[in-house]
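One structure below.
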Amino acid sequence: MAQTGTASPAERLSENDVQAIDQLRDVYARLKKELGRVIVGQHEVIERLAICLFARGHALLMGVPGLAKTLLVSKLSETMSLNFNRIQFTPDLMPMDITGTDILQDTPDGRREFHFVHGPVFANIVLADEINRAPPKTQAAMLEAMQEHKVTVLGKSFKLEPPFLVLATQNPVEQEGTYPLPEAQLDRFMFLIELDYPSEAEEIQIARSTTGDALPELNHLLHAPDIIAHQQLVRRVPVPDHIYQYSAKLVRRTRPNDPTAPAWLKPLVSWGAGPRAVQNLILGAKARAALLGSYMVRLEDIMEVAVPVLQHRIITTFAAQAEGIDAKRIVKRLVEESSKDA
């Protein structure tokens with residue numbers, strides 16, 4: 001049956017999938033409650049991290065030090081019973097420090113042979129802390145892992161076990177002596193997630209909870225096979241045709257040379273988002289819909305994920321920077337204008 005925007009959920013999803021979405025919604029609610037035992041606030045960040053995980057996407061976290069990025073990621077992996085590794089990127093970090101390398105070892109029968117030692121990238125969740133501190137050669141070591149879910153060392157390929165999620169962080173304040181990520185690598189990140197300062201009430205609660213006894217250990221709510229099943233479920237969430245059309249038109253409007261781009265955008269943007277942005281809009285909307293218990297992607301799902309999907313894929317001009325207009329502001333205006341035409 002052709003899928004249209006008016007088709008009922010029963011015509012689009014099997015009964016088992018409907019029940020599975022209900023279960024995922026309940027699991028997500030318990031997940032937020034469990035993380036709330038340790039993490040104060042950051043509700044939007046938690047939602048976007050969960051979207052990336054269940055959509056099989058990677059995220060770039062932007063925030064000043066002290067906003068609990070490492071704690072949030074480690075506790076997220078703890079609630080899901082996943083292996084977690086943190087890599088501190090520094091100027092002297094080498095690719096083999098990430099992927100691993102062959103070392104020469106003695107065998108029981110007296111021979112010597114090379115044995116591969118796995119690097120920290122062999123985990124379910126990898127936190128690449130301050131990824132822009134390392135030179136491009138080392139940053140590129142993450143590219144194959146992020147895109148292909150494997151690493152190649154000395155001509156040998158090693159598969160990464162699913163689920164696999166890379167969360168990289170950048171400090172938006174201190175840029176001296178850093179190596180900005182190239183656009184090709186930025187495009188590999190599904191979301192750019194910005195972390196802001198907590199409110200006064202949240203900051204007081206943080207001080208109370210972190211200056212007393214040790215933080216509680218969180219319960220394991222999901223195991224790797226459960227997460228993989230939910231990732232497959234997210235892919236089956238139906239999308240009406242008009243949502244595909246809206247997503248494609250929104251991305252095309254970010255490109256200054258496209259005839260549909262608004263006149264105000266052309267002097268502000270030098271390069272717009274590519275086709276991967278459309279894919280990530282749809283996948284992010286599918287994951288958000290499933291997490292909230294919806295059996296079909298809605299326009300509001302696309303609008304909610306538009307900023308984290310698009311803002312790091314738009315390159316602004318010098319004129320925009322001089323006027324203090326960033327990519328996030330441009331995306332918000334595009335979404336606002338596009339929603340009126342939808």
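Beyond 19 Å, what percent of the Cα pairs of region 24-121 remain? Beyond 19 Å sits 57 percent of the P(r) for region 24-121.
Can you give the angle from 0 to 90° between the axis of helix 327-341 and the longest principal axis of the chain, with both taken from C-alpha atoms, to the nearest 10? The helix 327-341 is inclined about 40 degrees to the chain. Scaling the Cα radius of gyration of the chain by the globular reference 2.2 N^0.38 Å produces a ratio of 1.06. Every helix of 4 or more DSSP H residues in the chain counts as -39500 (n - 2.57), and over all residues that averages to -13000 deg cm²/dmol at 222 nm.
Just want to confirm a number: the relative contact order over region 53-157, from Cα pairs under 8 angstrom separated by 6+ residues, in percent. In percent, rounded to a whole number, it is 28.
Entry note: region 231-298 has Rg to Rh equal to 1.09, where both radii use alpha-carbon atoms and Rh is the Kirkwood radius. Electrostatic tally near residue 151: other residues with Cβ closer than 15 Å to its Cβ, Lys and Arg +1, Asp and Glu -1, net 0. The fewest-to-most ranking of 213, 26 by surrounding Cβ atoms within 10 Å reads 213, 26.
Using only alpha carbon pairs under 8 Å that are at least six residues apart, calculate the relative contact order of region 210-305 and give it in whole percent. Reported relative contact order: 28 percent. Over the C-alpha atoms of region 36-236, the Rg to Rh ratio, Rh being the Kirkwood estimate, stands at 1.00. Over all projection directions, the Cα-based convex hull of region 125-234 averages an area of 10.6 nm².
The numbers here are math on the coordinates, done by the rules we state, and not lab data. This structure is a prediction, so every number in the text was calculated from the model and none was measured. No Cβ is skipped: glycine too gets one built from the backbone with ideal geometry, and neighbour counts run over all protein chains shown.
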